[in-house]
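Asks: Below you will find the structure I want to go over with you.
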Amino acid sequence: MGIMVRRLPNRSTRRRRRARQSPPRTTPVYIQADLNMVPLEGKDSEAFGHAFPSRPGHNCSIITFQNIGPQPKTSNTKRAISNAKSFSRCHASISLLAEHCLNERELLPPHLFSHRIARDSPKSSTYLFNNINTDSSWNQTGGTGFIIDHALSSHKITHGADPTGLGRWSFIRLRGKHGSTISLFSAYRPCRSTTSMGSVWNQHFRYFQSAATPTPLSLLHL
């Protein structure tokens, strides 16, 4: 009587078979895009910042985050006028801002950011925060803030900023139906940069007195 013997594959053979049968692993690719999925890579630069996106429809509200880049000193410059018109046209409910680079303590009232935006959005509210722990000219690297349109202004409970006074983040809290609340934060965590004494990294380094702490401390404190 004959005997049939089935030879089982060894472990290495089984692994090779599973590798052939399994779909290839792909690494997800993330892109920065506007609401219409148009990549912002070409528009993203420290010199000019991000463009304000447009609201896709009339039956929605949008919250945007703008790395608007260094803002000019005066409100009558082409860029200041363009920013005010862009916010008005995009119909955003709230625009969270980063790296505006304005030290409003050194600006005259007609050139404050709130006055610039109010020209085209007269009922909006604007708040900017930057490092108050150092003497600086009107142009101070870093800073956060936000713009809120007139429709949501009545829902604002409070607003504030990083308690260290570094301007690392700012927030606004809104009240909705049935006592519900939501808090929105605009935060800026700097990369290590020692090339300029005025860089955001060096501002934080001088405050905390440790080159290893500015970046991780931003997340810890937030």
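Where a number appears in this text, it was derived from the coordinates with a stated rule and is not lab data. Here the structure is a predicted model, which means the values were calculated and not measured. So basically every Cβ, Gly included, is an ideal-geometry build from the backbone, and we count neighbours across all protein chains shown.
Asks: Mind listing the phi-derived Karplus ³J(HN,Hα) values for segment 141-158, rounded to whole Hz, using 6.51, -1.76 and 1.60 with θ = phi - 60°, and x for any glycine or proline?
Replies: 4, x, x, 10, x, 6, 10, 10, 7, 5, 5, 9, 4, 6, 8, 6, 8, 7
Asks: Nothing charged except the Cβ atoms of Lys and Arg (+1) and of Asp and Glu (-1): what's the magnitude of the dipole of segment 42-192 about its Cα centre? Round to the nearest 20 debye.
Replies: 400
Asks: Sticking with this structure for a sec: Of the peptides 175-185, 85-95, 104-114, how do they stack up when ordered by the mean number of other Cβ atoms within 10 Å, highest first?
Replies: So the peptides 175-185, 85-95, 104-114, ranked by packing, come out 85-95, 104-114, 175-185.
Asks: Need one number: nm distance between label points at Leu108 and Thr158, each 7 Å from Cα along Cα→Cβ, rounded to one decimal.
Replies: With each label point 7 Å from Cα toward Cβ, the separation is 3.6 nm.
Asks: Determine ³J(HN,Hα), in whole Hz, for all residues of segment 103-118 in sequence, where each value follows from phi through the Karplus function 6.51 cos²θ - 1.76 cosθ + 1.60 and θ = phi - 60°; x replaces Gly and Pro.
Replies: Coupling constants for segment 103-118: 10, 5, 5, 9, 10, 6, x, x, 10, 5, 4, 4, 5, 5, 5, 5 Hz.
Asks: Want the number for Ala187 to Ile63: 0.36 nm per residue separation, take away the alpha-carbon distance, what's left?
Replies: 43.2 nm
Asks: Can you give the net charge of the other residues whose Cβ lies under 10 Å from the Cβ of Pro190, counting K and R as +1 and D and E as -1?
Replies: Once positives and negatives cancel, what remains is +2.
Asks: If you rank Leu152, Leu102, Leu96 by fewest surrounding Cβ atoms within 10 Å, what's the result?
Replies: Listed from fewest to most nearby Cβ atoms, that is Leu152, Leu96, Leu102.
Asks: Related question: Run the numbers for Ile81 and Met197: contour at 0.36 nm per residue of separation, minus the present Cα-Cα distance, in nm.
Replies: 38.7 nm
Asks: How high is the FRET efficiency from Lys177 to Asp120, r the C-beta distance, R0 45 Å, rounded to 0.05?
Replies: FRET efficiency, Lys177 to Asp120: 0.90.
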